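Chemist: Pasting a structure here, questions to come.
No lab work stands behind these numbers, since they all come straight from the coordinates. These numbers come from a predicted model, not from an experiment. Here the Cβ positions follow ideal geometry from the backbone for every residue, glycine too, while neighbour counts run over all protein chains shown.
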Amino acid sequence: MTTDAYYEYARTPLLDLLPSPPRRFLDVGCGNGATAAAAKARWPGVEAIGIEIVPEAAQRAAQRIDRVVNASAESVDWAAEGIAGVDAVLIPGDPERKTRAERTKNGVPLPDDTWAAIVNTAREVGVSEISIQRATQ
């Protein structure tokens, strides 16, 4: 993926993770503002705010969303910038953390035929039936 494509990619699956439509949406690392712009398109009336450290990307984002702060998230004075009180915050890595927590709690979902193939392969390579039974419980 080129740098331009990376900044332009709207991460719309992340929006599906929000429990309800936000009134104020903060996109940390907003790039060109594609994801925040998608939030505005999905939820008319949402105020979309972005934080972006790359000046050129922040300038492009400012043309698409309500407000962009050109800074690192660590350096932002949230209250002074008027960002305190948003309903939803999008931070890179959130979907992965949620997926990991879900899989740690409930395991990795596999189709039945995939699990059957794994079990058959285990038998073929000599894994004991007791070990297979433990794994399938």
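Chemist: Starting from one equal scatterer on each C-alpha and no solvent at all, send me the Debye-based log10 I(q)/I(0) for the range 72-126 at q = 0.20, 0.22, 0.28, 0.30 Å⁻¹, two decimals.
Modeler: Values, matching the q order: -0.89, -0.94, -1.06, -1.11.
Chemist: Evaluate E = 1/(1 + (r/R0)^6) for Ile132 and Asp16, where r is the Cβ-Cβ distance and R0 equals 41 Å; express this FRET efficiency to the nearest 0.05.
Modeler: 0.65
Chemist: Ranking Glu102, Glu96 by Cβ neighbours within 10 Å, fewest first, what do you get?
Modeler: Glu96, Glu102
Chemist: Could you calculate the contour length gain from Arg123 to Glu81, that is, 0.36 nm times the residue separation minus the distance between their Cα atoms, to one decimal place in nm? Don't jump to the answer; show the numbers that get you there.
Modeler: Working: separation 42, 0.36 × 42 = 15.12 nm, distance 6.15 nm.
Roughly 9.0 nm would be gained on extension.
Chemist: For the chain, with only Lys/Arg (+1) and Asp/Glu (-1) charged at the beta-carbon, what is the dipole magnitude about the Cα centre, in debye rounded to 20?
Modeler: Working: 15 positive and 19 negative charges, 61 e Å.
Once rounded to the nearest 20, the dipole reads 300 debye.
Chemist: Going by how many other Cβ atoms sit within 10 Å of their own, how do Lys40, Lys105 line up, fewest first?
Modeler: Ordered from fewest to most neighbouring Cβ atoms within 10 Å, Lys40, Lys105 come out as Lys105, Lys40.
Chemist: Still on this structure, please answer the following. What are the radius of gyration and Dmax of the chain, computed over its Cα atoms and given in Å?
Modeler: My reading of the Cα-based Rg and Dmax gives 21.4, 65 Å.
Chemist: Quick one: 3J(HN,Hα) in Hz for the range 121-137, Karplus 6.51/-1.76/1.60 with θ = phi - 60°, rounded, Gly and Pro as x.
Modeler: So the Karplus estimates, Gly and Pro as x, are 5, 4, 4, 4, 8, x, 5, 5, 4, 4, 5, 5, 4, 4, 6, 8, 8 Hz.
Chemist: Name the long-range amide H neighbours of Asp27: under 5 Å, sequence gap of 5 or more, or other chain; modelled H, no Pro or chain starts.
Modeler: Amide H neighbours of Asp27: Ile49, Gly50, Ile51, Leu90.
Chemist: Counting other beta carbons within 10 Å of each Cβ, put Glu8, Glu124, Glu47 in order, fewest first.
Modeler: Going from sparsest to densest Cβ surroundings: Glu124, Glu8, Glu47.
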